[in-house]
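The structure appears below as structure tokens.
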Ligand SMILES: Cc1ncc(C[n+]2csc(CCOP(=O)(O)OP(=O)(O)O)c2C)c(N)n1
Ligand code: SF4
Ligand SMILES: [Mg+2]
């Protein structure tokens with residue numbers, strides 16, 4: 001176990017922070033899982049934070065001038081560069097502290113938020129650079145599995161078979177034709193101290209992981225599965241249910257990678273069939289039984305692979 | 001006063017950046033800017049410069065990191081050329097609109113294709129509208145002096161705009177010239193510490209970079225434009241102050257033998273010395289030719305420029321960049337439009353020369369001046385003309 005994490009006892013229902021760094025009154029859709037993930041992540045981090053956002057739903061819904069939902073200092077520059085902007089913030093804090101222009105002992109966590117598009121696709125290079133350089137910051141990918149802000153186009157994180165506006169099913173297509181890109185594995189391949197997956201359905205787990213990400217020295221990456229009723233064609237009230245089902249079907253396993261070691265944080269011994277998850281969302285409604293079998297096989301195989309990673313280390 | 005010593009201009013620029021006590025540098029290598037950033041990494045590595053040096057993975061990330069840094073309250077520098085500057089393009093607009101005073105030295109170079117590492121102004125002309133303060137240096141001393149000036153102006157609370165200092169790639173950046181680096185105390189006297197009014201600090205949270213709905217976008221842009229135009233006064237004052245401390249005088253527009261000139265050559269950057277030789281030769285031959293050099297390109301010094309060309313019959317603008325299918329080179333188009341409302345304005349002829357490292361010789365300048373004389377009698381057939389093209 002990393003020594004930075006040794007003292008951290010974890011959040012529980014009894015010791016939740018009172019502060020809400022992310023204010024209500026924002027413009028997210030009803031039942032938005034992404035804004036919930038964002039709020040919980042910030043709640044875990046607290047008020048001594050500088051936040052960077054990539055362009056995307058969360059940036060748009062939180063900052064229609066003259067309003068802002070951010071009670072912590074916040075900057076948004078562009079779509080593909082949240083990790084690079086955060087690098088600059090982190091470097092500046094380091095320099096200013098060293099030169100006595102910022103209180104030396106004041107802890108400030110630098111956190112970058114980006115969607116799956118801003119992370120897996122257009123922002124991957126900036127992310128890789130920042131992780132490789134070892135900046136002390138937390139990068140949080142809020143994965144709603146498509147470019148929602150621009151009207152539900154596919155991303156590298158859109159799951160196989162899903163319908164989006166640029167992966168429409170038709171005579172010659174089943175919808176998204178590729179399997180979801182494994183960004184946590186890419187992040188882990190940088191040899192950074194901390195990588196984790198989380199979902200707002202298990203909110204204490206989410207908060208603990210984000211807090212740990214902040215506590216470790218060096219870069220940390222947290223990939224948060226974030227249901228989007230608008231983009232998925234699901235009911236707003238089903239968002240938490242979907243987030244839980246994604247874990248219980250093994251579609252989105254919860255784990256940590258600490259100094260290269262994989263730990264499954266929620267073992268799913270009796271998985272539910274993927275169909276239970278798929279059928280709650282219009283984006284999968286065109287799939288045939290055969291497609292669903294194909295997805296089930298892939299999910300089983302991926303989970304096996306994850307188990308082996310967690311066991312052999 | 002510091003000593004005048006022979007130095008490569010890039011090295012002197014890096015030394016000047018050090019004297020500005022920058023806190024953060026984020027840069028990516030590209031010829032011909034490399035010597036600047038290499039020397040800065042050396043200064044950081046050996047402890048001569050106390051700064052964070054971010055070895056980013058691209059120029060896009062270089063400028064992005066610079067924005068994060070300057071928004072946190074750190075004095076921040078970057079440098080690039082050509083393809084690197086083009087890759088930054090998107091973020092350059094955001095830098096100025098968010099009023100984040102990054103300072104950048106551009107070692108000007110041609111843009112691909114064909115790929116060329118040599119000098120012209122295509123890279124910077126493609127960034128005309130990004131809203132950065134832009135100056136052009138003629139020689140090594142000026143390059144260095146413009147760096148101090150850039151930080152001083154950019155970070156002034158009345159300004160808060162980023163600034164680019166342009167130096168011609170190779171033909172200036174790699175020259176060894178006698179350059180006087182001032183004493184550190186003088187630089188400290190000239191350049192106060194960076195103290196932005198707003199910055200990212202948990203003790204006083206602010207939001208930077210919100211959504212601009214149609215109800216406020218125009219007003220935001222109007223405010224930006226007003227502030228940018230007002231930067232002109234601070235730019236001039238900062239040069240006045242510079243003269244007091246360092247003894248060298250800079251103005252937005254320089255003139256040479258313009259007293260009674262009929263034809264004037266107009267240039268930006270390091271070609272001035274060659275052009276002056278050409279002017280001297282033509283003067284000896286009895287031709288009334290003068291030279292105008294624009295040092296401050298943005299905000300465009302309209303009044304200084306109009307004053308400088310007063311009484312001239314024909315202005316021969318020598319552009320170092322091509323704007324395909326336009327009505328002239330970028331500088332020519334700019335000054336033609338600047339003069340349009342001026343009664344008794346000079347005529348303007350547009351020449352494109354020195355692309356991708358092609359020499360512009362004394363003879364070339366003489367040819368252009370002669371053509372300008374000729375066009376006083378006979379209108380040019382084309383709206384612009386490329387000089388030195390091999391048949
Ligand atoms: C360089 C650039 N290309 C494209 C866009 C348009 N754009 C803005 S947000 C976005 C998609 C965002 O998707 P994601 O990162 O998944 O975030 P989400 O909106 O889903 O939360 C796109 C394509 C842009 N702003 N900048
Ligand atoms: S489109 Fe989806 S991610 Fe965006 S605000 Fe609505 S529910 Fe949230
Ligand atoms: Mg998304």
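The values are calculated or read from the model by the stated rules, or taken from the named source; none is laboratory data. Worth saying up front: this structure is predicted, and the values here are computed from it rather than measured. Every residue, glycine among them, receives a Cβ derived from its backbone with ideal geometry; neighbour counts consider all protein chains shown.
Quickly run through region A:98-114 and pick out the residues that are more than 10 Å from every other protein chain (Cβ to nearest Cβ) and farther than 20 Å from residue A:39 by Cα.
Hits for region A:98-114 are A:100, A:104, A:105.
Considering only region A:28-43, I want to know if a residue exists there that is within 14 Å of chain B (Cβ to nearest Cβ), surrounded by fewer than 24 Cβ atoms within 10 Å (Cβ to Cβ) and either touching a residue at least 24 places away in the same chain (Cβ under 8 Å) or farther than 20 Å from residue A:138 by Cα (or both).
Within region A:28-43, one or more residues are within 14 Å of chain B (Cβ to nearest Cβ), surrounded by fewer than 24 Cβ atoms within 10 Å (Cβ to Cβ) and either touching a residue at least 24 places away in the same chain (Cβ under 8 Å) or farther than 20 Å from residue A:138 by Cα (or both).
For region A:173-185, state whether one or more residues are more than 8 Å from chain B (Cβ to nearest Cβ), over 29 Å from residue A:288 (Cα atoms) and modelled with pLDDT of 95 or more.
So far as region A:173-185 goes, yes, one or more of its residues are more than 8 Å from chain B (Cβ to nearest Cβ), over 29 Å from residue A:288 (Cα atoms) and modelled with pLDDT of 95 or more.
Looking at the structure I just gave you, is residue A:277 crowded, with 20+ Cβ neighbours inside 10 Å, under 20 Å from the mean Cα position of the chain (by Cα) and in contact (Cβ under 8 Å) with a residue 60 or more places away in the chain?
no
Every residue in region A:239-251 that is touching a residue at least 40 places away in the same chain (Cβ under 8 Å) and either more than 16 Å from ligand 2 (Cβ to nearest atom) or within 14 Å of chain B (Cβ to nearest Cβ) (or both), please.
A:244, A:247, A:249, A:250, A:251, listed by residue number.
Of the numbered conditions (1) more than 25 Å from the chain's Cα centre (by Cα); (2) surrounded by fewer than 23 Cβ atoms within 10 Å (Cβ to Cβ), residue B:336 satisfies every one except a single condition; which is it?
Result: residue B:336 passes all but (1).
Just a yes or no: is a residue in region A:47-56 more than 8 Å from chain B (Cβ to nearest Cβ) and surrounded by fewer than 24 Cβ atoms within 10 Å (Cβ to Cβ)?
Scanning region A:47-56 turns up no residue that is more than 8 Å from chain B (Cβ to nearest Cβ) and surrounded by fewer than 24 Cβ atoms within 10 Å (Cβ to Cβ).
Please go through region A:217-238 and give me each residue that is closer than 27 Å to residue A:124 by Cα and either surrounded by fewer than 21 Cβ atoms within 10 Å (Cβ to Cβ) or within 11 Å of ligand 2 (Cβ to nearest atom) (or both), ordered by number.
A:217, A:218, A:226, A:227, A:228, A:229, A:230, A:231, A:232
Can you tell me which condition residue A:9 does not meet? The list is (1) under 22 Å from residue A:199 (Cα atoms); (2) more than 16 Å from ligand 1 (Cβ to nearest atom); (3) more than 8 Å from chain B (Cβ to nearest Cβ); (4) in contact with a helix residue (DSSP H, G or I) (Cβ under 9 Å, 6 or more places away or on another chain), and all the others hold.
Result: residue A:9 passes all but (4).
Under 9 Å between Cβ atoms, which residue pairs at least 6 apart in sequence (or on different chains) link something in region A:216-233 that is within 14 Å of another protein chain (Cβ to nearest Cβ) with a partner that is away from ligand 1 (no atom under 15 Å from the Cβ) and part of a strand (DSSP E or B)?
Listed by first residue and then by second, the contacts come to A:219/A:138; A:219/A:194.
Of everything in region B:66-83 that's part of a loop (DSSP other than H, G, I, E, B) and crowded, with 24+ Cβ neighbours inside 10 Å, which residue is farthest from the other protein chains (Cβ to nearest Cβ)?
Looking at residues that are part of a loop (DSSP other than H, G, I, E, B) and crowded, with 24+ Cβ neighbours inside 10 Å, I get B:81.
It is to be established whether one or more residues within region B:87-99 are touching a residue at least 12 places away in the same chain (Cβ under 8 Å), assigned to a helix (DSSP H, G or I) and away from every other protein chain (no Cβ under 12 Å).
Yes, the conditions are met somewhere in region B:87-99.
Could you please tell me which pairs satisfy a Cβ distance under 7 Å, a separation of 6+ or placement on different chains, a first residue in region A:77-94 that is within 7 Å of chain B (Cβ to nearest Cβ) and at pLDDT 95 or above, and a second residue that is outside any loop (DSSP other than H, G, I, E, B) and within 16 Å of ligand 3 (Cβ to nearest atom)?
A:86/A:112
Exactly one of (1) out of contact with any strand residue (DSSP E or B) (no Cβ under 6 Å at 6 or more places or on another chain); (2) over 25 Å from residue B:236 (Cβ atoms) is unmet by residue B:152. Its number?
Of (1) out of contact with any strand residue (DSSP E or B) (no Cβ under 6 Å at 6 or more places or on another chain); (2) over 25 Å from residue B:236 (Cβ atoms), only one is false for residue B:152: (2).
Could you check region B:265-291 and list, in sequence order, the residues that are closer than 27 Å to residue B:124 by Cβ and either outside the structural domain of residue B:312 (by TED's automatic domain parsing) or part of a helix (DSSP H, G or I) (or both)?
Answer for region B:265-291, where residues must be closer than 27 Å to residue B:124 by Cβ and either outside the structural domain of residue B:312 (by TED's automatic domain parsing) or part of a helix (DSSP H, G or I) (or both): B:272, B:273, B:274, B:275, B:276, B:277, B:278, B:279.
Could you go through region B:34-47 and let me know if any residue there is at the interface with chain A (Cβ under 10 Å from one of its Cβ atoms) and touching a helix residue (DSSP H, G or I) at 6+ places or on another chain (Cβ under 8 Å).
Scanning region B:34-47, I find no residue that is at the interface with chain A (Cβ under 10 Å from one of its Cβ atoms) and touching a helix residue (DSSP H, G or I) at 6+ places or on another chain (Cβ under 8 Å), so the answer is no.
Among residues belonging to region A:132-165 that are within 14 Å of chain B (Cβ to nearest Cβ) and either crowded, with 24+ Cβ neighbours inside 10 Å or under 23 Å from residue A:256 (Cβ atoms) (or both), point out the one that is nearest to ligand 1 (Cβ to nearest atom).
A:139
So which of A:117, A:129 ends up being at the interface with another protein chain (Cβ under 9 Å from one of its Cβ atoms) and touching a residue at least 24 places away in the same chain (Cβ under 8 Å)?
So the residue among A:117, A:129 that is at the interface with another protein chain (Cβ under 9 Å from one of its Cβ atoms) and touching a residue at least 24 places away in the same chain (Cβ under 8 Å) is A:129.
In region B:193-222, which residue that is at the interface with another protein chain (Cβ under 7 Å from one of its Cβ atoms) and in contact with a helix residue (DSSP H, G or I) (Cβ under 7 Å, 6 or more places away or on another chain) is surrounded by the most Cβ atoms within 10 Å (Cβ to Cβ)?
First, pick out the residues of region B:193-222 that are at the interface with another protein chain (Cβ under 7 Å from one of its Cβ atoms): B:200-202, B:205-213, B:216.
If we keep only those that are in contact with a helix residue (DSSP H, G or I) (Cβ under 7 Å, 6 or more places away or on another chain) too, we end up with B:200, B:208, B:211-212.
Working: B:200: 29, B:208: 21, B:211: 18, B:212: 16.
The qualifying residue surrounded by the most Cβ atoms within 10 Å (Cβ to Cβ) is B:200.
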